[in-house]
Amino acid sequence: MRYIAPILALAACALADPLRINDANFNDRVALTVLERLTNLTEEQLMMNLTESGDQSLNDMMVRMIMESDGQQQFNTTDAISRLQDAQNGEGATTPWPLCQQSLACTLYSIQSNPLVDQLLYLVTMEVKWLGSPAKCSDQFEGNKGILQYFIDKGYTGPNTGISYPIASMIEGIQRGAALVLGPTDAALASAGSVTDTFGNPSTVLWQTFINGVKNGIFKDRASHDKAWSLALQSSLNYGNTKAVSAGITLNVNLKRWFNLIQVYCLLQQAEGSIKNVFNLVSLPLFSLLPSGFSVDKFVNWVFDVTSPKPLYCLSDAAWTNTNFDNLTTTSALLSSVTSLTKILPAFLQCFSLGCSS
């Protein structure tokens, strides 16, 4: 009986995300956000332009516009502050935003001083210009974009917040990881002189490992691929959180739940190869929540698909107001705790059911 309360509480709580993942236009959401930033046009105007442009989708239009542009945004008025912070902290180069984008050398402080939509644009630009053909990673950062899009839709768009630092750390780690992988063979990066600099971000080498693994076909299976991605994500968000704390920023209760969700997600993803054992532990109390045709393999394939923004977007929202994500012990011991698993897995199952129906 002790399992019933948390299950019923979640079942009665509908997801409240600004855009549900089973909405017909969700797949264009990131492209629409980026295009609105690039063009200052409304969604209606962009749809009219799409018809006239000959592009097959908003995503195609976005990629074309990024490739045709220099990929740089307007200078932000906060950039002088970010450069001062860079100098004070002694981490990474001090090339100002957005010029730093040309050599994948933007620091955490410079990145986080800009709105999340500009950070999303930078990540997409990296994906189009650097992580695509050169690194063979054109679809490997959709999960990261799902996190960014969620917080943009929630209105957490400004700098100096409990989420701006972790996300900036994630982007810094990805760009530096890419620079370390591509720098030795890329003249532009090599000439910038920073192809061995991690900028002090411990996730840089983990993103380097992930990008290099995808680029050179090193990962022997899905589980090893997903574990490498997960370790890098976890490291970068944790590092960014420490920077936020150092800056005197405290997390509100919703962000604390979100961080607990991310820790749980990463723990499960890193144990992907043995996740059937996790479900064996909770098969009885969660049986009524399993959707028709459920299998662990289907669950793993959808929930831990880093090539889709949907899982982490949905899970972020599922945890946002969910008290079952309060005060969790986010260590490997959670994977053998029936009580903890019974509290948190319904959120994963809820998103899985939504995702499979869309």
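Among residues of segment 265-304 being assigned to a helix (DSSP H, G or I) and among the hydroxyl-bearing types (Ser, Thr, Tyr), the one that is farthest from SER337 (Cα to Cα) is SER288. Among the residues making up segment 227-264, those that are more than 17 Å from LEU328 (Cα to Cα) and outside any helix (DSSP H, G or I) are ALA247, GLY248, ILE249, THR250.
Restrict the check to segment 69-81 and report whether at least one residue is modelled with pLDDT under 95, not in a loop (DSSP other than H, G, I, E, B) and not hydrophobic (A, V, I, L, M, F, W, C). Yes, the conditions are met somewhere in segment 69-81. Just one of the numbered conditions (1) of a type outside the set (S, T, N, Q); (2) surrounded by 18 or more Cβ atoms within 10 Å (Cβ to Cβ); (3) more than 22 Å from the chain's Cα centre (by Cα); (4) not in a helix (DSSP H, G or I) is not true of LEU335: (4). Within segment 215-247, being in contact (Cβ under 8 Å) with a residue 60 or more places away in the chain, more than 21 Å from TYR265 (Cα to Cα) and not basic (Lys, Arg) holds for ALA244, ALA247. Kindly check whether there is at least one residue in segment 217-226 that is in contact with a Lys or Arg (Cβ under 9 Å, 6 or more places away or on another chain), in a helix (DSSP H, G or I) and basic (Lys, Arg). No: segment 217-226 contains no residue that is in contact with a Lys or Arg (Cβ under 9 Å, 6 or more places away or on another chain), in a helix (DSSP H, G or I) and basic (Lys, Arg). Here THR161 passes the criteria (1) over 22 Å from TRP97 (Cα atoms); (2) of a type in the set (S, T, N, Q); (3) part of a loop (DSSP other than H, G, I, E, B) except the one numbered (1). So, in segment 131-148, of the ones that are among the polar types (S, T, N, Q) and assigned to a loop (DSSP other than H, G, I, E, B), which residue ends up farthest from the chain's Cα centre (by Cα)? Top of the filtered list is SER133. Checking each residue in segment 198-216 for being part of a loop (DSSP other than H, G, I, E, B), more than 19 Å from the chain's Cα centre (by Cα) and surrounded by fewer than 18 Cβ atoms within 10 Å (Cβ to Cβ) picks out GLY200, ASN216. No other residue among LEU284, LEU315 is free of Cβ contacts under 8 Å to residues at least 60 places away in the same chain and farther than 28 Å from LYS154 by Cβ apart from LEU284.
Scan LEU349, LEU290, LEU341 and give me the residue that is more than 23 Å from ILE163 (Cβ to Cβ) and either touching a Ser or Thr at 6+ places or on another chain (Cβ under 6 Å) or at pLDDT below 90 (or both).
Criteria check complete, one pass: LEU290.
Is segment 167-175 home to any residue that is surrounded by fewer than 23 Cβ atoms within 10 Å (Cβ to Cβ) and touching a Ser or Thr at 6+ places or on another chain (Cβ under 7 Å)? Taking every residue of segment 167-175 in turn, none turns out to be surrounded by fewer than 23 Cβ atoms within 10 Å (Cβ to Cβ) and touching a Ser or Thr at 6+ places or on another chain (Cβ under 7 Å).
Is there a residue in segment 248-264 that is small (Gly, Ala, Ser), free of Cβ contacts under 8 Å to residues at least 12 places away in the same chain, surrounded by fewer than 20 Cβ atoms within 10 Å (Cβ to Cβ) and more than 14 Å from LEU341 (Cα to Cα)?
The initial filter retains those residues of segment 248-264 that are small (Gly, Ala, Ser), namely 248.
After this cut, where a residue has to be free of Cβ contacts under 8 Å to residues at least 12 places away in the same chain as well, the list is 248.
Filter again for surrounded by fewer than 20 Cβ atoms within 10 Å (Cβ to Cβ), leaving 248.
So of that shortlist, the ones also more than 14 Å from LEU341 (Cα to Cα) come out as 248.
The answer is yes, given that some residue of segment 248-264 is small (Gly, Ala, Ser), free of Cβ contacts under 8 Å to residues at least 12 places away in the same chain, surrounded by fewer than 20 Cβ atoms within 10 Å (Cβ to Cβ) and more than 14 Å from LEU341 (Cα to Cα).
The values are calculated or read from the model by the stated rules, or taken from the named source; none is laboratory data. Computed from a prediction, not measured in an experiment: that's the story for all the values here. Cβ coordinates were reconstructed from backbone atoms using ideal geometry, including for glycine residues, and neighbour counts include every protein chain displayed.
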